[in-house]
Amino acid sequence: MNRVTKILLTIPSIIGIAYMATFWSNDFFVWITNNVIDFEYQIPIINGIVLLQIGYLIYRLWNYKNIEKKTKTEWTYILIIFNVISSLIFIWKKDNELNKIN
């Protein structure tokens, strides 16, 4: 995966982390809820971009031919359950390792 693709795939995770931070402090990103995007549209938009990211990463993971099915299954579950953090680890570290093995 080239550097531009990695950066583009990192954006949904950063947005997800920033959105999660709004739940800890109401005043943390109050300008997002008041000025940028209406509250009703925030969750579907964020979930949509994160699901696209997860979908692409799982598709890329299962396209590797010489990787054990157990490894693919474990990373699929990890990407689905802990998507915001695990996708960053997969994009910047694990993909290169799997690409070398493949």
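So here's what we get for this one:
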{"read-out": "Residue match in region 18-26 (condition: open to solvent by 70 Å² or more (accessible area, probe 1.4 Å), modelled with pLDDT under 90 and part of a helix (DSSP H, G or I))", "value": "yes"}
{"read-out": "Checklist (1) open to solvent by 40 Å² or more (accessible area, probe 1.4 Å); (2) among the polar types (S, T, N, Q); (3) free of Cβ contacts under 8 Å to residues at least 60 places away in the same chain applied to GLN53, failing item", "value": "(1)"}
{"read-out": "Pairs where the first residue, in region 75-88, is closer than 12 Å to TRP62 by Cα and the second is open to solvent by 40 Å² or more (accessible area, probe 1.4 Å) and assigned to a helix (DSSP H, G or I), C-beta under 9 Å, 6+ apart", "value": "TRP75/LYS94; THR76/TRP62"}
{"read-out": "Residue in region 47-67 that is within 17 Å of SER86 (Cα to Cα), outside any loop (DSSP other than H, G, I, E, B), of a type in the set (Ser, Thr, Tyr) and at pLDDT below 90 present", "value": "no"}
{"read-out": "Long-range neighbours under 6 Å by Cβ, at least six apart or interchain, first residue touching a residue at least 12 places away in the same chain (Cβ under 8 Å) within region 1-16, second open to solvent by less than 20 Å² (accessible area, probe 1.4 Å) and polar (S, T, N, Q)", "value": "LEU9/GLN53; PRO12/GLN53; SER13/SER87"}
{"read-out": "Matching residues, region 77-102, being more than 12 Å from the chain's Cα centre (by Cα), of a type outside the set (Lys, Arg) and in a helix (DSSP H, G or I)", "value": "TYR77, ASP95, ASN96, GLU97, LEU98, ASN99, ILE101"}
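The values are calculated or read from the model by the stated rules, or taken from the named source; none is laboratory data. Predicted model, so just to flag it, every value in this text is computed and none were measured. When we count neighbours, we look across all protein chains shown, and the Cβ atoms used for this are built from the backbone with ideal geometry, even at glycine. All accessible areas refer to the heavy atoms of the entire protein, side chains included, with ligands and DNA or RNA removed. Shrake-Rupley method; radii C 1.70, N 1.55, O 1.52, S 1.80 Å.
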